[in-house]
Amino acid sequence: MRGPIPGSLWVWRHPKAIGAAGRCIGRCDLAVDPRKARRLAHRIRAAARRNGLPREVWTSPLTRAVEVGRWLRRWGWVHHVDARLAELDFGAWDGRPWDRIAWAEVEAWQRDLLHSRPAGDGETLAELAARAQAFARERGPQVTLVVGHGGWMNAARHVTPGVLRIEPGHWPSPPRHGSLIRLGSG
């Protein structure tokens with residue numbers, strides 16, 4: 001059995017939301033199939049047992065993440081909700097079909113992903129990354145289990161204070177729904 005990395009975040013992406021296909025989804029709060037939420041909760045519980053992880057989970061306040069935490073709470077886990085784990089705020093684009101958003105606006109946003117605001121009124125990637133980094137700093141050296149979002153996970157992996165560690169316009173695809181990434185200092 002391999003032990004946890006000290007000070008690490010184990011972050012699972014939430015199950016696929018109902019009605020998300022083809023839409024710009026950030027803070028838009030969509031439902032998730034309860035069976036998929038339960039299935040991911042089972043996988044998290046199994047990973048915790050296998051790796052000696054705490055029976056405590058932190059989730060975004062958005063339904064597609066919080067439902068997983070609710071299943072774990074039913075099984076005796078401690079469940080915390082933290083707004084800093086929410087997905088990127090896409091502003092006026094949020095919830096709209098991508099084919100109804102002017103592609104020139106999307107391209108303008110992509111030219112300066114770090115500082116540009118989606119739709120002119122959304123959240124910058126730098127702001128999203130600052131939320132992710134503040135959460136990680138607060139958690140300190142302990143191992144923390146998280147259910148979050150693809151954009152949050154990418155920001156935590158690819159942005160350090162004020163620096164985008166990928167080429168502009170080459171933002172990676174989000175991790176698959178239900179997948180795990182580990183972030184940490186260990």
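Nothing in this text is a laboratory measurement; each read-out follows from the coordinates by a stated rule. Given the structure is predicted, the values throughout are model-derived calculations rather than measurements.
Some observations on this one:
- In order along the stretch 148-163, phi translates into HN-Hα couplings of x, 10, x, x, 4, 5, 5, 4, 5, 7, 10, 10, 10, x, x, 10 Hz, rounded to whole numbers, per the Karplus curve 6.51 cos²θ - 1.76 cosθ + 1.60 with θ = phi - 60° and x for Gly and Pro.
- Fraction of alpha-carbon pairs over 19 Å apart in the chain - percent: 57 percent
- Centre separation in Å (Cα based) which lies between the stretch 64-114 and the stretch 119-167: 12 Å
- Computed helical MRE - 222 nm, the chain, DSSP H runs ≥ 4 contributing -39500 (n - 2.57), nearest 500: -10500 deg cm²/dmol
- Calculated P(r) tail over 16 Å for the stretch 141-185, as whole % of Cα pairs: 42 percent
- Mean Cα-pair separation over length for the stretch 8-184, i.e. relative contact order, pairs under 8 Å, 6 or more apart, %: 34 percent
- Beta bridges per DSSP, both residues in the chain: antiparallel share near 45 percent.
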